[in-house]
Structures are given as structure tokens and as C-alpha cells.
Amino acid sequence: IFTPDDTYACAVPYSVTISVEPRIKLTFDPVAPLCIGDIPPPLPVPVNPGITGKWNPAAIDTNTPGNKTYTFTPDDNGVCAEPYILTVEVVDKVPPKAEDRKLTAQINMPVMGNISGYVKYPSPAPIRVTITEKPVFGDVTIDENTGKFTYTPKKDYTGVDELTYEFCYDSGPCGWLCDEAKVTINVKLPNRPPVAEDSYFTVVCVPLYEYFSASDPDGDKLRFNPFFVDSPRHGIAMVLGDNDGYFSYEPDLEFVGEDSLTFRVCDTGGLCDEATVYFKVLPRVDCDGLPGGEDQPDTECSLFIPEGFSPNGDGVHDFFQVYCIEKYPDAILRVFDRSGSKIFQKHHYGNLDYWGTDENAWWWGTAESRWVISRGTLPAGTYLYVLELGNGEVRTGTVMIAY
């Protein structure tokens, strides 16, 4: 109401009516999540009647995954409405990653598993598991909604069987995504304990590096206990290596006689066995490799051990030939490097009747120990040998390899 001042005597009050319209809250139909690469739908129009405007960006982008935002700005045509922001989710297409698995079953006994635990996928999500290739030597039942299955081998069957499965999960906008893998079942007899066997070794001059004698009838991996059941009384022994049965034994300095230790070996099923390793420690005679000793020559054929050889393939002194070794058909040669590691061993050394050829009967300067970095022909140098003649006599010394 406008009221004029008194100076305008002829003026009368004037009324103006102003209408204040409420702001319009824009409403749009939602856009459901889309899969990457899909043909996008058009952006929606306002549900509110009579409202026009523009979207920015003008179209939905499905080339990359993520949450995309789009802003609708109403036209300036007197409509009292504010801009509207719409979020559209674009989902990446991530197939599951099914993995091959190995199971062990006992003869005539079922084994159970859960395939959903063998697969990497965006959990939780509805899943579907089917067997695409059935096992040949058994039957399988499966819950397709959980992946839990039971495999039952045929009566008295032992061996390897396998099945192929397809795992799918509902990714939503990208539909059902799938992958395949195999389950291998090894049907075995009941676990049998490993077999440890007694061993006998002769020790002279240098520490002994050897392997325990043990095997497993089921082919299971063996574990050697690093603590002996009975330790040697006249020396020091240690388990070396990575559960392959490699050990060392070093007698006390002045000890000569018999010593022993008892070891334990177990399989992966927890069954174990024990055995004893016996050591015959000989006197330290001529351990420096220098000429000496009181060996009496044999008038018919005297044992002669050369001081060196050259395994260079020229046909001359290519191997370590011990002359008159044929008198000792059960001789054993062991060769060590300067650090005391055994690099070569051969029973019936030089016995051509036993081995048949020079290549098999003699030492050609090669390293056979898994603990020696240099496999094949050894570098030039001096090496220590221990030659047991098989009659209680032992020859020790050094031999030089030259090229």
C-alpha cells in the first residue's frame, strides 16, 4: 500500500499485490548403473511439466568406469528452478579369476571342497557353479549356488582324476561373468610312514658330508628333524640343507673307533621313522698328502697313485688312473676341495669289470656334489682324496688338476 504525503491533497493510497512463487524442486527419473562400453541411454528430461534446459556434459560417457556427474541447468524463461546434479555409475567388467586346485583323497573315501574358495571375484554377489567336464574315475555332486562339492572315487580306484568347473557371478549391469578351471584329485592309499634306513660310513682326515638314507612309499615330501634322537658321542653332527637329508659329521680330533647317531624323518602326514648312521673313524695317517707311510711294495703289482692329471680331452692322462687298483675291486674314492666339501665319490673305483668303461670307472675331474657351484670339470688346483681299498687300508693325499 502506497500512502502519499499530505502535500498531495488530491492523492489517494495505492495498493500493489506481489505474488512470490515457490522454487520448483526438479525431479528426474534415475539412471540405472551401466556397464562399461554399453550404448548409453539419453539423459532424462524433468518430470516437472513445462521445464526445459540443458545438460552438461550433454551425453552419458560409458567408455571409462566410475561415478559420472551431469548438471541440468533450467532455461531462463521465468521458471523458478535451480540446477540439478545427476550421478550415473559406470561399472567395470571384471571377470572372475578361477584357479586350478589339487586335492588328495583316500581310496574308497569321498573328499569335499568349495569351488567358491578357489575363485577371486567381487564378493558378495550371486554365483553359479557348474561342472563342465565330469571326472572319469569318480562321481561329483555340487551345489550350484554355493560351489560346495563332493567327489567320490570309484571302488578301489587309486590314481589321478580331474574335473573342470565353470564359475560365474552376477555383476549386475555387466551380467553374468564366468571363468573355467580344473580340480585335480589324487586318490591315494592310506598314508604310510616313511622308511629310514641305517647307513655306514668311514671317516678319515676330513669331515664327512653325506645324506641320510630315507624314502617315502607314497612319494610324500620328507622332513628331517634337525635334532637327533641320539647324538654322536665322539664327534659333532649337524643337519644341513633344506630338508633334503644332507648332514655333516666331524669326529673328535684324537678319536679312533666307532661312533653313531640316530635321526628321525617324517612325512607331510605326520608319520615318522628312525634309523642309525654308523661311523668308522680311522687313524689320521698321511693326512697332509706328503710322501710317507710304511706301505710295502708289491713285487707283482704295486699300487701307484699319481700326483696329478689333465682332463683336457687330449687323450693323455685325462682321468685319475690309479695303477694296480684292480687288486682292490671294492675300493671307494672320495675327493674333497680345500674347504672340506666332498665333490666326488665312486664305489668300485677303477673296477672295469664292474663299470665296463673308463668313462664310468674313473674320476675325470668333474664335480658331482649339489653343494658345489661349479658343476662339470673343476678348475685347475689341488684336491684332497681319500681312497679306501676295501680291505681296511686307506690311502690319502692330494692330486693336482692341470690343463
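The values are calculated or read from the model by the stated rules, or taken from the named source; none is laboratory data. Every value quoted in this text rests on a predicted model; they were computed, and no experiment measured them. Because the Cβ atoms are built from the backbone with ideal geometry, glycine has one as well, and the counts that use them run over all protein chains shown.
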task = Can you tell me which residue within region 304-326, out of those that are of a type in the set (A, V, I, L, M, F, W, C) and at negative phi, is surrounded by the fewest Cβ atoms within 10 Å (Cβ to Cβ)?
result = Val316
query = Ile36 passes all but one of (1) more than 12 Å from Lys25 (Cα to Cα); (2) loosely packed, with under 15 Cβ neighbours inside 10 Å; (3) of a type in the set (Val, Ile, Thr); which number fails?
reply = (2)
request  = Residues being farther than 22 Å from Cys168 by Cα and in contact with a Cys (Cβ under 8 Å, 6 or more places away or on another chain): count how many of those fall in region 53-108.
outcome  = 1
key: Conditions (1) farther than 23 Å from Gly245 by Cα; (2) surrounded by 19 or more Cβ atoms within 10 Å (Cβ to Cβ); number of the one not met by Gly392   = (2)
task = Could you grab me the full set of residues in region 327-343 that are small (Gly, Ala, Ser), loosely packed, with under 15 Cβ neighbours inside 10 Å and in contact with a strand residue (DSSP E or B) (Cβ under 8 Å, 6 or more places away or on another chain)?
result = Gly340
message = I want to confirm something. Restricting to region 361-390 and keeping residues that are of a type in the set (Gly, Ala, Ser) and not in a strand (DSSP E or B), which single residue is modelled with the lowest pLDDT?
response = Ser374
ask   = Hey, Asn108 hits all of (1) in contact with a Ser or Thr (Cβ under 8 Å, 6 or more places away or on another chain); (2) in a loop (DSSP other than H, G, I, E, B); (3) not small (Gly, Ala, Ser) but one; which does it fall short on?
value = (1)
inquiry  = Take the conditions of a type in the set (Asp, Glu) and touching an Asp or Glu at 6+ places or on another chain (Cβ under 7 Å) and apply them to Asp220. Does it pass?
reply    = yes
request  = Taking Val183 as the residue in question, decide whether it is closer than 25 Å to Gly269 by Cα, touching a helix residue (DSSP H, G or I) at 6+ places or on another chain (Cβ under 8 Å) and surrounded by 15 or more Cβ atoms within 10 Å (Cβ to Cβ).
outcome  = yes
key: Only listed residue being assigned by the TED database to the domain that holds Pro122 and farther than 20 Å from Pro122 by Cβ, chosen from Thr104, Thr71, Thr27   = Thr104
message = If I ask for residues that are in contact with a Ser or Thr (Cβ under 8 Å, 6 or more places away or on another chain) and among the hydroxyl-bearing types (Ser, Thr, Tyr), which ones from region 124-151 would you list?
response = Thr132, Thr141, Thr146, Thr150
query = Which ranges mark the strands (runs of 3 or more DSSP E) fully within region 1-102 that have 1 or more residues being under 44 Å from the mean Cα position of the chain (by Cα) and among the charged types (D, E, K, R)?
reply = 66-74, 84-91
request  = Please work out which one of (1) at pLDDT 90 or above; (2) under 24 Å from Leu240 (Cβ atoms) is the condition Gly350 fails and give its number.
outcome  = (2)
remark   = Checking Leu34, Leu26 in turn, the sole residue that is within 22 Å of Phe72 (Cβ to Cβ) and modelled with pLDDT of 95 or more turns out to be Leu34
request  = Out of Ile115, Ile60, Ile85, report the one residue that is farther than 30 Å from Lys182 by Cα and crowded, with 18+ Cβ neighbours inside 10 Å.
outcome  = Ile60
Conditions (1) in contact with a helix residue (DSSP H, G or I) (Cβ under 9 Å, 6 or more places away or on another chain); (2) aromatic (Phe, Trp, Tyr); (3) not in a loop (DSSP other than H, G, I, E, B); number of the one not met by Tyr349 = (3)
query = Which of the residues that make up region 318-346 are modelled with pLDDT of 90 or more and part of a loop (DSSP other than H, G, I, E, B)?
reply = Phe319, Gln321, Val322, Tyr328, Pro329, Asp330, Ala331
query = Inside region 166-186, can you point out the residues that are out of contact with any Asp or Glu (no Cβ under 7 Å at 6 or more places or on another chain) and either under 17 Å from Met109 (Cα atoms) or in a strand (DSSP E or B) (or both)?
reply = Cys168, Tyr169, Asp170, Leu177, Asp179, Asn186
